[in-house]
Amino acid sequence: MIALKNIFKWYNTGINRTFILKDISLNVAEGEFISIMGPSGSGKSTLLHVIGLLDAPNEGSYSFMGENVLALKEKKRSEIFKTHIGFVFQAYHLIDELTVYENIETPLIYQNIKSSERKSMVADILDRFQIVGKKDLFPNQLSGGQQQLVGIARALIVHPKLILADEPTGNLNSKQGTEIMNLFKELNQEGVTIIQVTHSEKNAEYGSRIIELLDGRIVG
Amino acid sequence: MWRNYFKTSFRNLLKNKLYTGINIFGLAIGLSACLLIGLYIRHEMSYDTFNSNADRIVRLTMEYRQAGTVNTTATTGTKAGPQLTRTFPAIESYVRTFIKSNVVKNGDKMFDEPHILYADSLFFKIFTFPFIAGNTATALDAPDKMVITKSMAEKYFPEVKTMGYATALDKTLTCNDKDYKISGICNDVPDNSQIKFDFATAFSNLGNHAKGETWWTANWITYLLLHQEKDIPRLQSDITHYMNSTDVKADAGLTGNDYLNFHLEPLKKVHLYSNLPGFEPNGSIKIIYLFSIIAFLILLIASANYTNLSTAQSSERSAEIGMRKVLGASKRQVFIQFMTEAFLMGFLAAFLAIALSIFFIPLFNQITGIAFKSTIVLQPYPLLSLLGITLLISFLAGLYPSLILSGTQVMGILKKGFTFTGGKNWLRKSLIVVQFCISVFLIIYTLIILQQMNYMKSKNLGYDQSHLVVLPIGGKMMDQFKSLETAFGAVPGVESITASYDTPEFVEWGDGISAQDDKGTHDVSVNAMPVDLNFINTLGMHLVAGRDFQETDFAKQDTSNDGANYHNTYMINETLAKKLGWSAQEAIGKKIDKGVTGEVVGVVKDFNYSSLHDPIGPMVLFLQRELSRNFILRIQGNDIKGTVSRLEETWKQRVTDRPFNYHFLDDSYNKLYLSEDRSATLFSIAAVLAIILACLGLFGLSAFSTLQRTKEIGVRRVLGATMGNIVFLISKNFLQLVIVSIMIAIPLAWLAGRNWIQDYSYRIEINWLTFLLAGIAALIITFITVSFQAIRAAFSNPVKSLRSE
């Protein structure tokens, strides 16, 4: 599904070049559940962003489902991104001005899905996550765990093939964290490919494969 | 999708109340100012256009040279209209007009009516004043006919309201003791007509001096109706040629280099482009341009606030935008969302602007002197203009923030504490500088105008204006002139009384004199003033030499023997004495000839007898009480009301054919500057609005900048910064910008102000203190605005701001 080859990513700081990613090559098959680990500043999040097409590498090649995405035009790339990839963040990044329902609905709006269809899709997912009763609340009226649940629901609403999660449990207590990780496992069993960045050994165990990063290189 | 945009926009507006409030309120003020100024400009531009013949009507103005001086007036003699119409086939017809006040009576209803029009019979064929009863073709074809307006019909014949206006036809009204038959009732004259009348009657009713035809005695305003508009330039050169022909010059009694010529002013250009006032003071195209610029500047300030606040707020919105992009929003979709917000804001402001405009229409009417109805705002034209401006402003003000916000890279935005830097700050700074430049410029300009106005109103005019009461007189009163004067003079509270033709604040009587001495004959164009005894004393003027008129001077006015031995006595002003080459002392006893020869008995210290636009010219006072149109009374200052009511009592006992009417001389003096006063008021308001709007923007910006720096302020406080340090930290950048603005505004305002006072013969010196004052005021206002936020931040507990995150 994902094939990264010799990916480099750097910033120019004055005359020096600071490397974030150094020569990363990585293959991910459909249905895998991968945990990326590593200390702060090792490039985990950047790698996730590169995979998620939010950031472009300076060097290297990247094919996503057989397509060389780096060569694609912005529009096509955003099309792939819209239909195949869902994002989950540590800080949830829900839109404060929108209700739970509207937050989940937003990606569908950007995919130009009809209103009636949107309604049933959102209703299904609210049902599945058992948050129907919270649909009219605003994010700041929810607990952290609930917010992350909404964040995941929002990522799932477009039926993505790939979910990218950047420390999804980082802001949660351990009970909430376990719940979220169980949810991920469930999704993975349904066939969704998941790549998560995490600090926690315990959470990393949920994955089928662990990738260790250090100073921008894959070390294990 | 639109629903989602609107919902988000609405909630965002609600969330940031300060920011939304500043934007909507500021834009609404800007739009409202624009709307009102637009109405005013449209009114001025529409002058006389309601006449269906407007394109073919011209006003005839006169230019002549006599005794070496060239004069121009909007008035002509009685001959110009008929003679030119007879001579040139391009002219279809003419009408000579005059408006004066007279007493109108119907039974016990008696009023002094200021707008009685005297016009030739074709008036209602040339101009378009639709009749609701009567026939326009025959309405003025006999001297005993009179046309009145709808409201006059209601005033003198109240029954027309129920029985119909036609019932007033053929009824009788008495004007100046002559009976008239109502021959037509026309709609009230629109505000944008240069001819404003309530009554209209035949030109011949003006009496002997309106009968017959003469090139001179130019008192009448003549309009010509041409067959075709395009004939105007050709006809103009034909008339000039004709007026220069030997026959016509001889007919007009012109010799040597003297000449008489007429100019054609297209009717629609008279109000804004002519420098010759006719029935009313003209507007000015310059003022129209100035106000258009002001409206534009105020809108610019308000829109700049929007742009600035939106970009400043971008950091607050970055997470949302980033997330939307992650969720699949395209650049276009984010752009549209922010534009939606701008348009929503614009329309809310527009609605508020309509409400504000309706609320301020009465005040606006008071300032402009135009009687707009509140509902005028709701008519299609203003509404459509407002819609257009709102769309444009929303688009322009929203464009930059929308482009910036939608065009940013997702990754950049998702990182914490992201702010836009570089180019955008430069734009924000420029907009602030532009805003304050405009504000400071308007403040200085307004201060200069106000200083000049104040100077004019308080200048020593050469006489004492205060506590002078003017009683207009005429008709049968003249028969008992002396006894009336004595009676009014004896009313308790009256210190002294005199009478005159013009009142001294505005002398219109033009004349010419010749004087002989050992250097030869001098011909001088002068202003002249027939006065009664006691004039110098009552008005508090000063004699440089000689004496005031006295009772014995009347003895010289010997009317026996057909006036062969008739002489007059004269007082002249210093300027005339100088012009004749005499010192004040030398002038006493000299003979001058003003149609009648007479001796100069006094030289009066120069006094201003016209607006301060004009320098003091040569002036002759002569004793001729029967020409008086006004009593002028100096009364004591301690019981003005009582004295006026006693005067009214005396009037009612002795005068039956005229209602009691009075005004104070200083009021009519101030009226000379009515249009300047209006402009000055509008400028003051514009300046205040500009500074308020600019400060609103700064207030919002400083709030954001303080918010962004909350943590920094916390750290600095912990490190021992004083409140002063913090306030200085926040204010510094803004104050720098305002100082730059002041530097730019001062020279511009100096140039503009100098240009404005150039129009006055008597003017202030522009004082550098004005600039200093305006600059310091702007700085203080800025400082207060900005430091309000800073002080709040400095007061907050630093531990609090540092704990979060």
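The values are calculated or read from the model by the stated rules, or taken from the named source; none is laboratory data. Being a predicted model, the structure only gives us computed values, none of them experimental. For neighbour counting, all protein chains shown are included, and Cβ atoms are generated from backbone atoms with ideal geometry for every residue, glycine included.
Of note:
- Some residue of segment B:434-447 being farther than 16 Å from B:L689 by Cα and either hydrophobic (A, V, I, L, M, F, W, C) or assigned to a helix (DSSP H, G or I) (or both): no
- Total residues in segment A:84-105 satisfying the condition of being closer than 19 Å to A:Q146 by Cβ and either more than 10 Å from chain B (Cβ to nearest Cβ) or of a type in the set (V, I, T) (or both): the figure is 7.
- Any chance B:L344 is within 14 Å of chain A (Cβ to nearest Cβ) and of a type in the set (A, V, I, L, M): yes
- Selection of segment B:628-659 for residues being part of a helix (DSSP H, G or I) and surrounded by 21 or more Cβ atoms within 10 Å (Cβ to Cβ) yields B:T643, B:L647, B:W651.
- Any hit, segment B:117-125, residues being in a strand (DSSP E or B) and among the basic types (K, R): no
- Candidates B:L386, B:L414, B:L468, B:L391, filtered to the one that is farther than 30 Å from B:F734 by Cβ, within 14 Å of chain A (Cβ to nearest Cβ) and either modelled with pLDDT of 90 or more or surrounded by 18 or more Cβ atoms within 10 Å (Cβ to Cβ) (or both): B:L414
- Within segment A:155-170, the set of residues being under 11 Å from the mean Cα position of the chain (by Cα) and either buried (at least 24 other Cβ atoms within 10 Å of the Cβ) or within 13 Å of chain B (Cβ to nearest Cβ) (or both) comprises A:A155, A:L156, A:P160, A:I163, A:L164, A:A165, A:D166, A:P168.
- Inspection of segment B:284-305 identifies at least one residue that is more than 14 Å from every other protein chain (Cβ to nearest Cβ), assigned to a loop (DSSP other than H, G, I, E, B) and under 25 Å from B:Q194 (Cα atoms).
- Filtering segment A:136-176 to residues that are basic (K, R) and not in a helix (DSSP H, G or I) leaves only A:K161.
- Boolean, B:F199 is touching an Asp or Glu at 6+ places or on another chain (Cβ under 9 Å), surrounded by 14 or more Cβ atoms within 10 Å (Cβ to Cβ) and of a type in the set (A, V, I, L, M, F, W, C): yes
- Residue tally, condition outside any strand (DSSP E or B) and surrounded by 15 or more Cβ atoms within 10 Å (Cβ to Cβ), over segment B:215-224: 4
- When every residue of segment B:333-344 is checked against the conditions, none turns out to be over 30 Å from B:I99 (Cβ atoms) and part of a loop (DSSP other than H, G, I, E, B).
- Residue in segment B:722-743 that is more than 38 Å from the chain's Cα centre (by Cα) and not in a helix (DSSP H, G or I) present: yes
- Residues (over 26 Å from B:G475 (Cβ atoms) and basic (K, R)) located in segment B:69-116: B:K79, B:R86
- Listed by position, the strands (runs of 3 or more DSSP E) enclosed by segment A:7-69 that each have at least 3 residues that are away from chain B (no Cβ under 14 Å) and surrounded by fewer than 20 Cβ atoms within 10 Å (Cβ to Cβ) are A:16-28, A:59-64.
- A:Q176 away from chain B (no Cβ under 14 Å), surrounded by fewer than 21 Cβ atoms within 10 Å (Cβ to Cβ) and on the phi > 0 side of the Ramachandran plot: no
- Looking only at residues of segment B:657-698 that are of a type in the set (S, T, Y) and either touching a helix residue (DSSP H, G or I) at 6+ places or on another chain (Cβ under 7 Å) or free of Cβ contacts under 8 Å to residues at least 40 places away in the same chain (or both), we find that the one that is nearest to B:I640 (Cα to Cα) is B:Y662.
- Of the residues making up segment B:664-671, at least one is surrounded by 19 or more Cβ atoms within 10 Å (Cβ to Cβ), out of contact with any Gly (no Cβ under 8 Å at 6 or more places or on another chain) and at pLDDT 90 or above.
- Checking each residue of segment B:314-326 against the condition of being more than 14 Å from chain A (Cβ to nearest Cβ), modelled with pLDDT under 90 and assigned to a helix (DSSP H, G or I) gives at least one match.
- Unique residue being modelled with pLDDT of 95 or more and assigned to a loop (DSSP other than H, G, I, E, B) when the list is B:T138, B:T128: B:T128
- Sole exception among (1) buried (at least 18 other Cβ atoms within 10 Å of the Cβ); (2) in contact with a helix residue (DSSP H, G or I) (Cβ under 6 Å, 6 or more places away or on another chain) for B:L729, by number: (2)
- Test set (1) under 23 Å from B:L405 (Cα atoms); (2) of a type outside the set (D, E, K, R); (3) free of Cβ contacts under 8 Å to residues at least 40 places away in the same chain - B:S374 fails condition number: (1)
- Entirely in segment B:1-98, the helices (runs of 4 or more DSSP H) that have 1 or more residues that are in contact with an Asp or Glu (Cβ under 7 Å, 6 or more places away or on another chain) and surrounded by fewer than 16 Cβ atoms within 10 Å (Cβ to Cβ): B:2-15, B:80-87
- For segment A:106-131, taking the residues that are assigned to a helix (DSSP H, G or I) and modelled with pLDDT under 90, the one that is farthest from the other protein chains (Cβ to nearest Cβ) is identified as A:R128.
- Lone unmet requirement of (1) within 14 Å of another protein chain (Cβ to nearest Cβ); (2) touching a residue at least 12 places away in the same chain (Cβ under 8 Å) for B:N261: (1)
- Exactly one residue among B:F10, B:F25 is within 14 Å of chain A (Cβ to nearest Cβ) and in contact with a helix residue (DSSP H, G or I) (Cβ under 9 Å, 6 or more places away or on another chain), and that residue is B:F10.
- Hey, B:A721 out of contact with any Lys or Arg (no Cβ under 8 Å at 6 or more places or on another chain) and over 30 Å from B:M453 (Cβ atoms) or not: yes
- In segment A:78-90, the residues that are β-branched (V, I, T) form Cβ pairs under 6 Å with partners that are modelled with pLDDT of 80 or more, at six or more places apart or across chains, as follows: A:I85/A:G52; A:I85/A:P160; A:I85/A:L162; A:V88/A:G151; A:V88/A:I152; A:V88/A:A155; A:V88/A:A165; A:V88/A:P168.
- Residue count for segment A:199-220, restricted to those that are surrounded by 14 or more Cβ atoms within 10 Å (Cβ to Cβ), out of contact with any Gly (no Cβ under 8 Å at 6 or more places or on another chain) and within 17 Å of A:L164 (Cα to Cα): 3.
- Any hit, segment B:558-579, residues being touching a His at 6+ places or on another chain (Cβ under 7 Å), of a type outside the set (D, E, K, R), surrounded by 15 or more Cβ atoms within 10 Å (Cβ to Cβ) and over 19 Å from B:L461 (Cα atoms): no
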